[in-house]
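Heads up, the thing below is written out as structure tokens.
The values are calculated or read from the model by the stated rules, or taken from the named source; none is laboratory data. The structure displayed is predicted, hence computed values, not measured ones. As a convention, Cβ positions derive from the backbone with ideal geometry for all residues, glycine included, and neighbour counts pool all protein chains shown. Ligands, DNA and RNA are excluded from the accessible area calculation, which covers all protein heavy atoms including side chains. Shrake-Rupley method; radii C 1.70, N 1.55, O 1.52, S 1.80 Å.
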Amino acid sequence: MERLIKNFLEFMPILLKGTIYTIEITVAAIILSTVLGFVLSLALVSDRAWIYRPVRLWINFIRGVPLLVQMFYVYFVMPDIGIKLNAMQAGIFALSVCYASYHAETFRAGILSIPKGQWESARSIGLKYWQIMTRVILPQAARVILPPIGTSYIILLKDSSLASVITVRELTRSGQLIATSTFENMQVFTMVALIYVTLTQLLAFFIQRGERKFRIS
């Protein structure tokens with residue numbers, strides 16, 4: 001028991017530093033993937049073929065390539081064409097691009113769930129496209145969008161662990177390094193798992209609060 005406590009006190013500060021990196025990666029990727037996903041969704045709902053077809057091909061391509069391969073490509077291949085990112089930046093970029101393709105479909109479904117009559121009514125009173133989108137469509141579509149996109153955020157948080165393979169010293173990587181040097185595999189990875197559970201539960205809590213807010217409003 002004393003050994004477990006001693007290890008806990010020794011390992012936890014290192015794991016918490018890794019947890020901070022995990023949170024930073026997750027928050028950055030959530031913001032970037034949401035913005036990019038929304039922009040892509042606007043292209044998907046366009047009635048102009050020259051806009052939505054290339055975006056549809058891009059999304060299908062990104063969703064067909066494993067995220068791990070995308071991370072390798074961004075970190076190891078893109079420098080060959082003059083685009084150099086450090087490990088942290090590469091991890092965030094790969095996560096953002098990958099999840100933007102899923103968020104785009106979520107936004108598209110939410111936007112298309114609103115009857116066309118509401119678009120026409122908003123245009124008839126002189127509202128412009130962005131006014132219709134921000135004041136009429138998105139507030140209603142949020143009820144459809146939030147549950148699936150919230151689930152994607154939680155999966156994104158867990159997938160941030162893949163950044164460990166390109167040397168980002170986030171939570172999983174920190175656990176690997178400790179386990180390699182101490183051979184305390186069970187205790188280390190149990191602690192890592194519990195931290196991930198805590199993070200996902202906190203994120204789920206905030207997502208559920210957001211869902212309740214939009215259900216009430």
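For residue 158 and residue 121, calculate 0.36 nm times their separation in residues minus their Cα-Cα distance, and state this gained length in nm to one decimal.
Value of the extension gain: 9.1 nm.
Grab the eigenvalues of the alpha-carbon gyration tensor for region 26-80, scale each by 5, take roots, and send me the semi-axes largest first in whole angstrom.
24, 15, 9
Given a 1.4 Å probe and heavy atoms of the protein chains only, how would you sort 61, 72, largest accessible area at the top?
Sorted descending by solvent-accessible area, the residues read 61, 72.
Grab the beta carbon distance between residue 202 and residue 14, set R0 = 25 Å, and tell me the FRET efficiency rounded to 0.05.
The formula returns an efficiency of 0.75 here.
When the accessible area of the chain is computed with all protein chains present and a 1.4 Å probe, what percentage of it is carbon and sulfur?
Answer for the chain is 66 percent, counting heavy atoms of protein chains only.
Per residue, how much accessible area does the chain have with a 1.4 Å probe, in Å²?
About 58 Å² of surface per residue is accessible.
Let me have the relative contact order for the chain, percent, based on Cα pairs under 8 Å that are six or more residues apart.
29
Taking just the alpha carbons, could you work out the radius of gyration and Dmax for region 33-154, both in angstroms?
Just the Cα atoms of region 33-154 yield Rg and Dmax of 16.8, 53 Å.
Using the Karplus equation 6.51 cos²θ - 1.76 cosθ + 1.60 (θ = phi - 60°), what ³J(HN,Hα) coupling, rounded to whole Hz, does each residue of region 186-192 give in order, writing x for Gly and Pro?
4, 5, 4, 6, 5, 5, 4
Give me the dipole magnitude in Debye, nearest 20, for the chain about the Cα centre, with unit charges on the beta carbon: positive for Lys and Arg, negative for Asp and Glu.
The dipole magnitude comes to about 780 debye.
Give the span of the chain's Cα atoms along each principal axis, as three whole-Å numbers ordered largest to smallest.
Taking max minus min along each principal axis of the Cα atoms, the chain gives 73, 48, 22 Å.
Applying the Karplus parametrisation 6.51 cos²θ - 1.76 cosθ + 1.60 with θ = phi - 60° to the phi angles of region 72-86, what ³J(HN,Hα) value in whole Hz is obtained for each residue in order, glycine and proline being reported as x?
4, 5, 5, 7, 9, 9, 4, x, 5, 10, x, 10, 10, 10, 6
In square nanometres and to one decimal, what's the mean projected area of the convex hull around the Cα atoms of region 103-167?
5.4
Plugging the Kirkwood radius over Cα pairs into Stokes-Einstein for region 13-104, at a temperature of 25 °C and a viscosity of 0.890 mPa s, what D comes out in µm²/s?
The estimated diffusion coefficient comes to 172 µm²/s.
Using θ = phi - 60° and the Karplus relation 6.51 cos²θ - 1.76 cosθ + 1.60, list the HN-Hα couplings for region 92-98 in order, rounded to whole Hz, with x at every Gly or Pro.
The phi angles translate into 5, 4, 5, 4, 5, 5, 4 Hz.
Check the straight Cα-Cα distances from residue 6 and name the lysines below 24 Å, setting aside those fewer than 8 residues away within the same chain.
17
Report the label-to-label distance for residue 78 and residue 1 in nanometres (one decimal), using points 7 Å from each Cα along the Cα→Cβ vector.
In this crude label model, residue 78 to residue 1 measures out at 5.1 nm.
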